[in-house]
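Working notes, structure below.
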Amino acid sequence: MTHVLQNVVFPLERDPDLLPLYVDPETWSVIDEEPVRVSSRAQLGNILDRRRARIVAGRRVSFGTYFNAFPASYWQHWTPVRDVTLTVRTTGVATILVYRSTASGIKQRLETREVEGDSTAHFALRLDQYSDGGWIWFDIAADENSAVFEGAEWTTEQEPTRTGKASIGITTFNKPDYCVETLRNLADAPDVLDLIDRVFVVDQGTQRVDAEPGYTKVASALGDTLEILTQPNLGGSGGFARAMSETLQRPESDFVQLLDDDVRIEPESVRRSVVFGRYSSVPTIVGAHMFDLLDRPKLHAWAEVVDDAPFMWRALYQEKLPHDFSVANLRQSPMLHMRLDADYNGWWMCLIPLEIIREIGLPLPAFIKWDDAEFCLRARDAGYPTVSVPGVALWHVSWVGKDDSIDWQAYFHVRNRIVAGLLHSGAPEGGTLLRHSRRVDLKHLMMMQYYPVALRHRAIRDILSGPEHMWRNLATAMPDARTLAKDYPETIVHKDTGVPLRSRRGMQVFKRLRNHEFDSPAGWRLRWFTASALIAHWLHEPKPENVAQPEVEFGKENAHWWRVPLFDSALVSAANGSGKNIYTRDRATFRRMLIDSVRLHRQLRKQWASLARRYRSAAPELTSAQKWADTFEGRR
């Protein structure tokens with residue numbers, strides 16, 4: 001039996017920004033070792049439908065692109081599949097050229113074939129030279145007359161290891177328009193629905209998905225496949241845990257596919273993730289990459305890892321992100337040809353086999369932040385890998401224009417990171433995690449950002465109280481954190497209401513510093529600056545005129561921790577550009593919080609070993625399917 005591993009597809013939308021991700025009908029050159037587009041020939045009019053395209057006479061089109069090249073190294077490394085067939089259908093006279101790449105991005109031609117008329121060309125490919133990296137793709141060149149590309153698939157005759165379907169779990173909080181669009185795209189993809197058992201929409205908001213215009217029509221199209229589940233807001237962890245819990249009751253489901261709400265999906269990616277999960281040699285968490293929904297060609301997240309010493313997440317080669325495919329396509333990006341091995345994948349889109357959930361449990365009752373990373377680390381420790389597969393991706397609202405380290409989410413950033421460290425870090429006393437946490441406190445205090453420090457200290461106190469607090473405050477930690485904001489005037493975003501808010505010294509300092517992007521202190525200058533700033537904030541009250549009106553103004557990108565502390569007060573643009581925040585020095589608050597920071601981190605370090613034992617002992621209950629089920633039952 002022939003099994004389709006990957007279809008060649010074109011964008012769902014007539015959006016020229018999307019074309020570089022699917023097809024590359026452009027001429028490229030290399031200038032100063034950088035790829036440069038020298039002749040643009042991308043035309044939406046040549047895309048005939050989801051599977052077909054016109055190849056203009058005398059032109060050459062490459063399918064060596066993010067969504068249409070075949071990630072051979074991932075299939076060779078993580079599955080037993082070794083024989084793959086590429087089938088290309090065309091009409092007219094054309095030349096099909098098949099290429100592969102090495103892990104360093106070197107292109108090598110595998111085969112060339114001339115075709116004419118209504119043609120179906122088959123290329124037998126062997127996956128035995130891609131252990132460290134490499135893709136396979138094809139180009140089509142038309143002769144003196146235009147040809148038509150009629151479709152292509154990558155297939156195998158090998159039977160999958162697993163054959164069950166997947167249930168999709170979408171967790172949402174007041175994003176009904178996004179959810180309806182996702183449901184519509186699924187309803188319009190029958191080859192995807194063939195692999196789907198149920199679509200669970202876990203609605204935790206007040207703006208209900210089933211009340212959104214267009215819902216009735218898409219619900220009718222999906223029929224019994226769709227199920228709306230309502231519950232109070234238990235965060236991403238509570239919503240995804242509900243989807244997992246419901247999927248565990250589905251005998252036809254072998255997987256749960258988690259999807260965030262504020263996304264646009266590529267349905268073929270959903271299908272590919274399930275197929276990859278079916279073929280994986282061992283039960284494998286199949287993750288997706290993330291593109292920026294507001295800047296569609298930019299890839300913001302690929303394989304992500306957790307560094308053990310600081311116990312902090314990051315992407316591999318993070319300095320290369322975001323990658324803009326409108327500037328450098330797959331063939332012009334050697335690094336993208338490496339096989340990148342992940343520790344975890346964000347739950348914007350992530351396929352999890354149910355057998356892993358049955359063995360290791362559900363997410364921590366973390367509300368948000370680190371629930372995905374901790375779950376994948378737990379799976380890794382049990383012998384189950386996470387693979388972020390290229391060509392499996394969606395578009396998500398990126399973090400550009402956000403700064404959740406200084407809003408109510410600061411509580412969850414520190415609480416869940418430290419809890420995950422207690423559960424999984426092998427470094428004595430958490431390695432450098434606590435030192436880094438203290439430094440974050442100092443930066444916020446010097447920046448006159450007292451609200452996030454208050455939340456961070458609340459989180460540490462909760463951690464010290466023991467693991468039981470995570471169930472106790474699952475539904476209350478977020479509203480409590482937001483309520484605390486009213487005690488800190490810096491959290492108010494001041495909007496322009498006729499008379500713009502100004503600082504006493506205008507934009508003078510901002511203008512003087514904005515060209516000095518690398519003026520941050522290092523070495524002895526860093527130690528001197530930190531000591532001086534801490535002493536100044538400890539000893540000096542702000543001048544009355546600087547309290548009455550902000551002393552200086554900074555743009556968000558220039559409001560660094562080594563600049564703002566030099567002033568009594570500062571007017572700083574909000575991350576999303578909606579207004580301005582006023583940061584004002586408060587000596588009493590600074591003193592109290594600095595002492596608390598030293599005391600709490602010292603206490604946490606002293607108790608690290610005993611706390612680690614307590615949290616690890618409590619882990620089965622913290623991640624218990626029955627405990628989550630009881631929680632859902634009690635909160636309906």
Among the residues of segment 528-551, is any closer than 18 Å to Pro489 by Cα, under 34 Å from the mean Cα position of the chain (by Cα) and assigned by TED's automatic domain parsing to the domain that holds Lys486?
-> no
Just one of the numbered conditions (1) crowded, with 22+ Cβ neighbours inside 10 Å; (2) within 28 Å of Leu422 (Cα to Cα) is not true of Phe291; which one?
-> (2)
Do we have Val282 as at pLDDT 95 or above, of a type in the set (Val, Ile, Thr) and touching a Ser or Thr at 6+ places or on another chain (Cβ under 9 Å) here?
-> yes
If you take the residues in segment 401-431 that are closer than 15 Å to Ser610 by Cβ and among the hydrophobic types (A, V, I, L, M, F, W, C), which one is surrounded by the most Cβ atoms within 10 Å (Cβ to Cβ)?
-> Ile418
Can you find a residue in segment 293-312 that is closer than 23 Å to Leu183 by Cα, among the aromatic types (Phe, Trp, Tyr) and touching a helix residue (DSSP H, G or I) at 6+ places or on another chain (Cβ under 9 Å)?
-> no
Does Ala379 fit the bill of being over 18 Å from Arg602 (Cα atoms), among the aliphatic types (A, V, I, L, M) and in a helix (DSSP H, G or I)?
-> yes
Mind checking whether some residue in segment 210-226 is surrounded by fewer than 18 Cβ atoms within 10 Å (Cβ to Cβ) and either assigned to a strand (DSSP E or B) or modelled with pLDDT under 95 (or both)?
-> no
Hey, which of the helices (runs of 4 or more DSSP H) in segment 532-636, taking only ones fully inside, have at least 2 residues that are hydrophobic (A, V, I, L, M, F, W, C) and free of Cβ contacts under 8 Å to residues at least 60 places away in the same chain?
-> 544-548, 587-606
Does segment 586-609 include one or more residues that are over 26 Å from Arg415 (Cα atoms) and either outside the structural domain of Gln231 (by TED's automatic domain parsing) or modelled with pLDDT under 90 (or both)?
-> yes
Some residue of segment 326-343 being without any contact (Cβ under 8 Å) to a residue 24 or more places away in the chain, closer than 26 Å to Leu18 by Cβ and not assigned by TED's automatic domain parsing to the domain that holds Ser237 | no
The strands (runs of 3 or more DSSP E) lying entirely within segment 90-202 that contain at least 2 residues which are crowded, with 17+ Cβ neighbours inside 10 Å and either of a type in the set (A, V, I, L, M) or not assigned by TED's automatic domain parsing to the domain that holds Thr225 (or both) are 94-101, 118-126, 136-142, 147-156, 165-172
Looking only at strands (runs of 3 or more DSSP E) that fall completely inside segment 231-308, which ones have 2 or more residues that are farther than 28 Å from Ser425 by Cα, within 15 Å of the chain's Cα centre (by Cα) and not aliphatic (A, V, I, L, M)?
-> 285-292, 295-301
Where a residue in segment 350-372 is free of Cβ contacts under 8 Å to residues at least 12 places away in the same chain and its partner, wherever it lies, is surrounded by fewer than 24 Cβ atoms within 10 Å (Cβ to Cβ), with Cβ under 7 Å and at least six apart = none
Would you check if there is a residue in segment 468-483 being without any contact (Cβ under 8 Å) to a residue 60 or more places away in the chain and among the basic types (Lys, Arg)?
-> yes
Please give the helices (runs of 4 or more DSSP H) falling wholly within segment 410-493 in which 2 or more residues are closer than 24 Å to Leu594 by Cβ, out of contact with any Lys or Arg (no Cβ under 8 Å at 6 or more places or on another chain) and basic (Lys, Arg).
-> 433-446, 450-465
Please go through segment 10-52 and pick out each residue that is at pLDDT 95 or above, farther than 20 Å from Arg331 by Cα and in contact with a Pro (Cβ under 9 Å, 6 or more places away or on another chain).
-> Arg50
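The values are calculated or read from the model by the stated rules, or taken from the named source; none is laboratory data. A quick note: this is a predicted structure, and the numbers were derived from the prediction, not measured. Counting neighbours? That spans all protein chains shown, and the Cβs are built from the backbone with ideal geometry, glycine included.
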